[in-house]
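Beneath this line is the structure, given in structure tokens, with notes to follow.
The values are calculated or read from the model by the stated rules, or taken from the named source; none is laboratory data. Note that the structure is predicted; figures quoted are calculated from it, not measured. Backbone-built Cβ (ideal geometry, glycine too); neighbour counts: all protein chains shown. We work out accessible area using only protein heavy atoms, side chains counted, and drop any ligands, DNA or RNA first. Shrake-Rupley method; radii C 1.70, N 1.55, O 1.52, S 1.80 Å.
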Amino acid sequence: MSEHYYSKTPQSKSDQRNFTFQLRNHSFIFTTDHGVFSKNEVDYGSRVLIDAYQPPEIDGINVDLGCGYGPIGLSLAKAFPDQAFLLVDVNERALELAEINRNQNHITNATVMQSDRLQDVHQQPIASIITNPPIRAGKETVHLMLEESFEKLTSGGQLWVVIQKKQGAPSAKKKMEEFFGEVDTVVKDKGYFVLVAKKFD
């Protein structure tokens with residue numbers, strides 16, 4: 001069975017590399033490796049999501065779900081220094097990289113922890129969940145992430161998702177509507193949709 005970036009313990013040989021990237025008007029240095037998603041540059045979907053995101057005006061932490069080596073959560077933590085961010089992933093190598101990247105970019109308002117989806121995230125309240133979901137993990141896993149996000153969010157909290165139209169944006173939106181009711185498509189860019197849903201009591 002081939003290894004995927006959502007493997008808990010990647011077996012591919014480590015070969016770390018660095019690159020610099022501009023996100024939300026800040027320059028970052030990212031350390032990446034084999035066995036993580038988009039190791040050569042910040043992928044376009046993540047960049048669309050990063051540019052679109054605005055934190056909700058409620059109390060709570062903001063969770064980067066499936067953080068990889070951290071470009072989404074870390075760039076947003078840098079952009080919104082008065083907000084607290086939590087970066088979670090199942091991939092142990094990705095988490096090590098996210099911690100390296102948090103430190104080398106001097107980001108103090110973000111923490112990194114391991115969790116399979118949101119199962120080990122018990123911090124409350126959660127104001128927003130931001131995700132570029134692992135499409136290759138399969139539709140069932142992605143839809144579970146959406147369902148768990150609804151359950152974990154506090155009242156007034158928001159779920160932000162980027163997903164390509166050809167990789168399941170319509171079905172993801174339909175799944176989100178089952179729980180949240182209304183779902184807004186706030187950006188359409190080169191086939192990528194940014195979907196936003198707000199949790200009401």
| remark: Taking protein heavy atoms only, a 1.4 Å probe, and rounding to whole percent, the accessible area of the stretch 60-171 owed to carbon and sulfur comes out at 48 percent
| said: What whole-number distance in Å separates the alpha-carbon centres of the stretch 49-109 and the stretch 146-201? | reply: 19 Å
| said: List the lysines whose Cα sits under 23 Å from the Cα of Lys175, skipping any in the same chain fewer than 8 residues away. | reply: Lys139, Lys152, Lys165, Lys166, Lys188, Lys190, Lys198, Lys199
| said: Given N residues in the chain, what is its alpha carbon radius of gyration divided by 2.2 N^0.38 Å? | reply: 0.94
| remark: Regression test value, accessible area per residue of the stretch 61-201, probe 1.4 Å, units Å², expected 43 Å²
| note | Calc'd 3J(HN,Hα), the stretch 89-95, phi into Karplus 6.51 cos²θ - 1.76 cosθ + 1.60 (θ = phi - 60°), Hz, glycine/Pro = x, comes to 7, 8, 7, 4, 5, 4, 5
| Roughly speaking, what % of Cα-Cα pairs in the stretch 109-177 are separated by over 16 Å, rounded to a whole number? | 47 percent
| Ordering of 130-140, 61-71 by packing [mean C-beta count within 10 Å, highest first] | 61-71, 130-140
| Residue (of Pro81, Asn109, Ala94) at the positive-pole extreme of the stretch 63-117, dipole from beta-carbon charges | Pro81
| Once Lys and Arg get +1 and Asp and Glu get -1 on their Cβ, which of Phe150, Leu195, Gly168 lies farthest toward the positive end of the dipole of the chain? | Gly168
